[in-house]
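Following: one structure in structure tokens, then a few remarks.
Throughout, read-outs are computed from the coordinates displayed, never taken from laboratory work. Everything numeric here is computed off the predicted structure, so don't read it as measured data. Here the Cβ positions follow ideal geometry from the backbone for every residue, glycine too, while neighbour counts run over all protein chains shown.
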Amino acid sequence: MTDFIVPKLSYVQLSPILIVLGGALIGVLIEAFLSRKVRPIAQLTITLGSLILALIQLWHIRHESALTAAMGSVAIDGATILMQGSILLIAILAVALIADNEHFTVLAAAVPGSPEERDSLQSGEKLTEVFPLTLFAVAGMLLFPASNDLITLFVALEMLSLPLYLMAGLSRRRRLMSQEAALKYFLLGAFSSAFFLFGAAYLYGYSGSVSLAGIRAAVVGGSGNDVFLLMGIAFLSIGLLFKVGAVPFHAWTPDVYQGAPTPITAFMAAATKVAAFGAMLRIFYTSLANANWDWRPMMSIIAIITMLFGSVVAIAQRDVKRMLAYSSIAHAGFLLTGVIALNKSGLDASIFYLFAYGVATVGAFGVVTLVRDSSGEVTDLNKWAGLAKRSPFAATLFAGFLLAFAGIPLTSGFIGKFSIFSAAYESGNKSLVIVGVLSSAIAAYFYIRVIVLMFFKDAADDGTSVIIPSILTRSTLIITSVITILLGVYPAPLLNFINSLASFIR
Amino acid sequence: MNMLTSLMLLPLIGALLISALPTTKSLLAKQMTLGTTLLVAIGVIVMAIRFDTSKTDLQFVETHSWIPTFGINYSVGVDGIALVLIILSALLAPIVVLAGWNESSGGRWSAKTFYILVLVLETMIIGVFSANDLFLFYVFFEAMLIPVYFLIGGYGTGQRNAAAVKFLIYSLLGGLLMLASIIALYVLSGEQGGHTFNINTLSQLQMSSTTQNLLFLGFFIAFAIKAPLWPLHTWLPDAAQSATPGTSVLLLGILDKVGTFGMIRYCLTLFPEASKTFTPLILVLAVISIIYGAFLAIGQKDLKRLIAFTSISHFGFITMGIFAMTSQGHSGATLYMFNHGFSTAALFIVGGWMMSRRGSSKISDFGGLQRVTPVMAWSFFFAGMSSLALPGLSSFVSEFLVLVGTYTRYPVAAIIGTFGIVLAALYILIPVQRALHGPTMPGNEALSDLNLREKIAIAPVIAIIIALGFYPSPLLNIINPASTHTITQAGFKDPLAQIDPKAGK
């Protein structure tokens, strides 16, 4: 009988994830034991507290990087630290939006339109389950880009996805649409998880190992069955491309973005993208780097159609959340060029881009939460006409975020675009750069159209108004816009920081 | 601190101060804007005096590391060509503010916002001409679009939304093509000794002729949209028609010069071989612009559109002068940029007064202004004469230099271009005759003549046009060394000897 080997977990490296998980568990206990009255404030404190604590802890361990934890199944290297930092910061900003409980139904289990629902809404109580759910999702997101073997990767994927499916269905208004979005997200997500597992199985069959290092060794050795490798890459990619919302696996994006409560949309649009691209970068930059002849051509085609499709279809959107959804698809395409670049500058650029894009996304959706009429949020773009008259503050901020998405200089988006395209060019993918530049021009059109709508059209008297944001929402908006401008004007410190830290252990 | 940086900071500080004012104090905002732009103008004149005309390299250079990861520096400095354009911008800015004293009141937003946009724009204009780092240039080149976009869309008339969007999309498309070329240069520089955006270093890069041609096109299309050259000009008449006269002066008088300036500074310096390859094509486009712009100007019924088409014709001349690849052509083109700035400003400013008084921009609505408002009519007549390059006025000198410079190498282009001068007489004299002479049209009887403020605003424009017509050498002294330097750097030899600064006197 073999001795039981006590696994060495390296708790210090895992501590940010553990702190967030701990916070989530405390949150569950609060739901069980505290009275409804004190729950909102207690939950908010625990959530923000654990996220900030995790961020501080991450800062402390940043130089203990290039290590693995939990017996090699989690890699805490420079890239992980940067991704986790981005996710935590984005989560903190998004939680400030989530704290505005206006957006959530009170009793998620009540059938839409039923007496229970009406009673629950009239009771004036607040939904607080969303906080521990957020923390669970964050923990999954922290683990996803850090995962160093396929099993952990899958666990993390489910860990981040399951809470998000639930959260997408919590909208207070238009509940049927919200629930439909949640169901759609869940079903398609389940499919993509299946694809992911299928791919993982093939890669295991190819290399005889589930660890990324083992797969890398097999790819470098080139001894295995190539069909298994190709099938593995294909199916694994489908699972990942689904999560990042790349064409043709993007179909869920607009519906879910539109149906989910806006703060949740902000959170998942920004943070999921970081986590999913983080994992994708790790897999393609380490395990599959030497097989790049096999995946690069297909990936390039996907990047090209994703950029073009997202930009072109966004033009036709009449709903601001759907427009931002298609814009996120286009940005997924831009980010894919960073994956395809497969060089150090591509990694640096992708990390910078993810952070800059995530922050601007939270800010943009934050502005969306402010525009209301009697039936709740107004997302119909026609009703956004003349927003600058109603609230110069909101309109100016939103215009700033749109300009950042469009990649206008002096915003973070421009530095991101420049760095990611130059990385792609450096790796010889000139066609990607050309397509990227052209679709940026197309994308600029619909961003500008919204600016025209807000600033140059007269407001109709249709009851649309811009509410005065709560202190938390306001601080999110201000912080996101300051970061967006600052990274455009003086990005050197962050770029240096990323440059010095970003690397994958192999 | 360096002069250029201070000059760029000055309008920004002004804008910040104005943004702190309450919205109701629009008069104070105007006065502060005027004060700031005057200060900048004085600063630029001091700089011009301190400029050493015996040197060919950049002066007032200042370099700081900005984004070291990408080898990007904040690096500014001017040669003669850039200096002349900065002088043009700095002089026109206070004139525009003074001339369009009431322009800001008809917009969607407060006058305060208008002047903040104008001042921010001035900072960016100085920046775009003085940037010595390609990345920095691009940042200004693109960021500049945003204030102009809001100036057109927020304070213009008629189809201002559509015009503003058209302007922005055209410019962004060109800018993004240029970005692709810039990225390519950046990567090439990384392969050949380290990432940099320093223009001197970039001009030494080795690249295949295909690469050079493609990258050249990326830059050239961006500049040709900006300049604008036929067939990429269609945004300009719309923008000029919708913008306020003041904005039009900034747009046609200064901003579009970034296009022709970019051709000299970037296309020729970075891609001399490709410039040679494309010269025939570009000359054809330039000549088409000259003739096409002139013909369309003749046919215009709207005064603002007419001025816009005359500008397309003039930009054809400037482009022709640049790609003639002679130092005479270059000096002429640079001087042309300066003079065109003033003659267009005169046309738009006086035309703007006429239009705001009459409440219409249709030429047929005017008539007999000579009798009702003699000073305004004479000013417009004078502006028109300057635009058709009457000998004795400044634009004659530059047009002559361009044609002579072109003729020595490309006689056919020069000869066809000369027809543009004949057509210019038509497109100026027809509206002058219709608007100023003849019987007084109904509705024009009660128009008031220029007031003191307006006279003060137009007087320096007229003075400069006359002075430079008789004595262009102060400017030519600044321009000539830089022109010769650019030509030799691009590997061309002058077919003629060094130009005499007294030419065209």
Scope the range B:182-213; condition surrounded by fewer than 18 Cβ atoms within 10 Å (Cβ to Cβ) and assigned to a loop (DSSP other than H, G, I, E, B); matching residues: B:192, B:193, B:194, B:204, B:206, B:208
Inspect all residues belonging to the range A:366-385 and state whether any of them is in contact with a helix residue (DSSP H, G or I) (Cβ under 6 Å, 6 or more places away or on another chain), within 14 Å of chain B (Cβ to nearest Cβ), surrounded by fewer than 24 Cβ atoms within 10 Å (Cβ to Cβ) and small (Gly, Ala, Ser). yes
Out of contact with any Asp or Glu (no Cβ under 7 Å at 6 or more places or on another chain), closer than 21 Å to residue A:137 by Cβ, touching a residue at least 24 places away in the same chain (Cβ under 8 Å) and of a type in the set (Gly, Ala, Ser): does that describe residue A:85? yes
Filtered residues of the range A:451-491 (kept if among the aliphatic types (A, V, I, L, M) and buried (at least 17 other Cβ atoms within 10 Å of the Cβ)): A:451, A:452, A:453, A:454, A:466, A:472, A:477, A:479, A:483, A:487
Please work out which one of (1) farther than 18 Å from residue A:328 by Cβ; (2) aromatic (Phe, Trp, Tyr); (3) more than 8 Å from chain B (Cβ to nearest Cβ) is the condition residue A:401 fails and give its number. (1)
Residue pairs meeting the criteria (Cβ under 6 Å; at least 6 apart or on separate chains; first under 13 Å from residue B:93 (Cα atoms), in the range B:109-134; second in a loop (DSSP other than H, G, I, E, B)): B:124/B:144
Look through A:441, A:492 and report the one residue that is more than 27 Å from residue B:174 (Cβ to Cβ), at the interface with chain B (Cβ under 9 Å from one of its Cβ atoms) and without any contact (Cβ under 8 Å) to a residue 24 or more places away in the chain. A:492
Is it the case, given these coordinates, that residue B:209 is more than 10 Å from chain A (Cβ to nearest Cβ), within 26 Å of the chain's Cα centre (by Cα), over 21 Å from residue A:417 (Cα atoms) and not hydrophobic (A, V, I, L, M, F, W, C)? no
Name the single residue that is nearest to the chain's Cα centre (by Cα) among those in the range B:447-469 being among the charged types (D, E, K, R) and closer than 15 Å to residue B:102 by Cβ. B:454
Can you tell me which residue in the range A:495-506 is surrounded by the fewest Cβ atoms within 10 Å (Cβ to Cβ), limited to those that are out of contact with any helix residue (DSSP H, G or I) (no Cβ under 7 Å at 6 or more places or on another chain) and within 14 Å of chain B (Cβ to nearest Cβ)? A:500
How many residues does the range A:1-45 contain that are assigned to a helix (DSSP H, G or I), out of contact with any Leu (no Cβ under 8 Å at 6 or more places or on another chain) and either of a type outside the set (Lys, Arg) or closer than 27 Å to residue A:77 by Cα (or both)? 18
Out of the range A:285-305, which residues are over 15 Å from residue A:232 (Cβ atoms) and among the β-branched types (Val, Ile, Thr)? A:301, A:302, A:304, A:305
Which pairs turn up if I take residues in the range A:1-25 that are touching a residue at least 40 places away in the same chain (Cβ under 8 Å) and buried (at least 18 other Cβ atoms within 10 Å of the Cβ) and look for partners that are among the aromatic types (Phe, Trp, Tyr) and in a helix (DSSP H, G or I) with beta carbon separation below 7 Å, at least 6 apart in sequence or on another chain? A:24/A:136
Show the residue pairs meeting these rules: Cβ distance below 6 Å; 6+ apart or different chains; first residue within the range A:204-221 and more than 21 Å from residue A:77 (Cβ to Cβ); second residue β-branched (Val, Ile, Thr) and in a loop (DSSP other than H, G, I, E, B). A:204/A:210
Consider residue A:390 against the criteria (1) touching a Leu at 6+ places or on another chain (Cβ under 8 Å); (2) touching a residue at least 40 places away in the same chain (Cβ under 8 Å); (3) surrounded by fewer than 22 Cβ atoms within 10 Å (Cβ to Cβ): it satisfies all of them except one. Which criterion is unmet? (1)
The lone exception for residue A:413 - which of (1) under 30 Å from residue A:173 (Cβ atoms); (2) in a helix (DSSP H, G or I); (3) away from chain B (no Cβ under 11 Å) it fails: (1)
What are the residues in the range B:231-274 that are surrounded by fewer than 23 Cβ atoms within 10 Å (Cβ to Cβ), in a loop (DSSP other than H, G, I, E, B) and touching a Gly at 6+ places or on another chain (Cβ under 9 Å), if any? B:232
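Step by step: first the residues of the range A:418-429, then only those that are part of a helix (DSSP H, G or I) and more than 8 Å from chain B (Cβ to nearest Cβ), then the one that is nearest to the chain's Cα centre (by Cα). Which residue is that?
So the residue we want is A:420.
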Identify the residue in the range B:159-169 that is surrounded by fewer than 22 Cβ atoms within 10 Å (Cβ to Cβ) and more than 7 Å from chain A (Cβ to nearest Cβ) and, among all such residues, is nearest to residue B:236 (Cα to Cα). B:166
Suppose we filter B:428, B:415 for residues that are touching a residue at least 60 places away in the same chain (Cβ under 8 Å), under 28 Å from residue B:475 (Cβ atoms) and touching a helix residue (DSSP H, G or I) at 6+ places or on another chain (Cβ under 9 Å); which single one remains? B:428
Count - residues of the range A:444-454 that are under 15 Å from residue A:397 (Cα atoms) and within 9 Å of chain B (Cβ to nearest Cβ): 3
Restricting to the range A:207-244, and then to whatever is outside any helix (DSSP H, G or I) and of a type outside the set (Gly, Ala, Ser), can you tell me which residue is nearest to the chain's Cα centre (by Cα)? A:210
Some residue of the range B:347-365 being of a type in the set (Gly, Ala, Ser), touching a residue at least 12 places away in the same chain (Cβ under 8 Å) and part of a loop (DSSP other than H, G, I, E, B): yes
How about the range A:455-483: which of its residues are touching a residue at least 24 places away in the same chain (Cβ under 8 Å), in a helix (DSSP H, G or I), under 29 Å from residue B:165 (Cβ atoms) and away from every other protein chain (no Cβ under 14 Å)? A:477, A:480, A:481, A:483
Here are some conditions: (1) closer than 14 Å to residue B:37 by Cβ; (2) of a type outside the set (D, E, K, R); (3) in contact with a strand residue (DSSP E or B) (Cβ under 7 Å, 6 or more places away or on another chain). Residue B:135 meets all but one. Which one does it not meet? (1)
